[in-house]
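Each reported figure results from applying straightforward, stated rules to the coordinates on display, with no laboratory input. Just so it is clear, the structure is predicted and the values come from calculations on it, not from any experiment. Don't worry about glycine lacking a Cβ; one is built from the backbone with ideal geometry, like all the others, and counts go over all protein chains shown.
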Amino acid sequence: MPLGTDIILLTTFVFYHGIPEEIYIQVALKDGKTQCKKMLVMLNSPMGRIEISGCGTGVHEIQFKENALSQNSTKEALVTCEVCEGPEEMTEPLKQCTAWLQAYFCEPWMTEKLPMPPFHHPVFEQDSFTRQVLWTLLRDVKFGEAVSYKQLADLAGNSKAARAVGGAMRSNPVPIIIPCHRVICSSGQTGNYGGGTHLKEWLLSHEKLQKEKLAY
């Protein structure tokens, strides 16, 4: 390692049987920037284009780029999810994330059997209530379920922190995988969503429909 290069410990996570396990990765820093090679993958999904960014350590973010749904659409769109842009050789976390999202839209029962990609984002590197809320949501609120902001605050260990739960949802860098769309208002109203309320309604409708199909 070159002289003058600083080292810090970054926290990332791997998943065993769906449960996040914390591991520490040494990352070399130079001029204050992490030396990880960022890659982008674009998916064509029923909701529109979804961009995944990440490196060899983990997934950085999932972002909604182009919306294919109308404001009033909660119906099941054509269920396909394909890579439309990306490098020929993807890192393992990007491969895992792509496979997981494709399963979520097309074969949701397979998501329980697929490895969850590791995440590499500052929100997961700090011991904070936001991180606790996100892991609790990932662990405890399953496909086809919904929970209120207050209920999630209770699950995360602070029953008075419903407002902070809303802030944690806005800070979620990996929507769909960490399912902030499953967090709704106590009144039963859908509530806000970073990609738009109609996207949140579509995701909830998609999960309800797929869960009903599996019941038969």
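Taking a ≥ b ≥ c as the square roots of the eigenvalues of the Cα gyration tensor of the range 79-152, is the shape rounded (a/c under 1.5), prolate (a/b larger than b/c) or oblate?
Values: a/c = 2.64, a/b = 1.37, b/c = 1.92.
It comes out oblate by the Cα gyration axes.
Pull up all non-local amide H partners of Ile184: gap of 5 or more, or a different chain, and H-to-H distance under 5 Å with H placed in the peptide plane.
Counting only residues 5 or more places away or on other chains, the set is Val147, Ser148, Tyr149.
Return the ratio Rg/(2.2 N^0.38 Å) for the range 105-216, where Rg is computed over Cα atoms only.
Details: Rg = 13.9 Å, N = 112, 2.2 N^0.38 = 13.2 Å.
Its radius of gyration relative to the 2.2 N^0.38 Å reference: 1.05.
Report the full-extension gain for the segment Gln189 to Ala146: residue separation times 0.36 nm, less the Cα-Cα distance, to one decimal in nm.
14.4 nm
Among Val147, Gln210, Tyr193, flag the residue with its Cα farthest along the positive direction of the charge dipole of the range 63-216, charges on Cβ as +1 for Lys/Arg and -1 for Asp/Glu.
The residue sitting farthest along the positive end of the dipole is Val147.
Beyond 15 Å, what percent of the Cα pairs of the range 127-193 remain?
41 percent
What is the range 164-203 by shape, rounded, prolate or oblate, if you read a ≥ b ≥ c off the alpha carbon gyration tensor as root eigenvalues and call it rounded for a/c under 1.5, prolate for a/b larger than b/c, and oblate otherwise? Intermediate values should be presented prior to the final figure.
Details: a/c = 1.78, a/b = 1.15, b/c = 1.55.
The shape class here is oblate.
How much length, in nm to one decimal, is gained on full extension between Lys37 and Ser205, taken as 0.36 nm per residue of separation minus their Cα-Cα distance?
Contour length minus the Cα-Cα distance gives 56.8 nm.
Run through the range 135-198 and list the trypsin sites (Lys or Arg not before Pro) located in a DSSP loop whose Cβ has at most 14 other Cβ atoms within 10 Å.
The qualifying sites are Lys142, Lys160.
I need the phi-derived Karplus couplings for the range 85-91: 6.51 cos²θ - 1.76 cosθ + 1.60, θ = phi - 60°, integer Hz, Gly and Pro marked x.
8, x, x, 5, 10, 8, 5
Which whole-Hz ³J(HN,Hα) couplings does the range 138-150 yield from phi under the Karplus relation 6.51 cos²θ - 1.76 cosθ + 1.60, θ = phi - 60°, glycine and proline marked x?
4, 7, 9, 10, 8, 3, x, 9, 9, 9, 7, 4, 5
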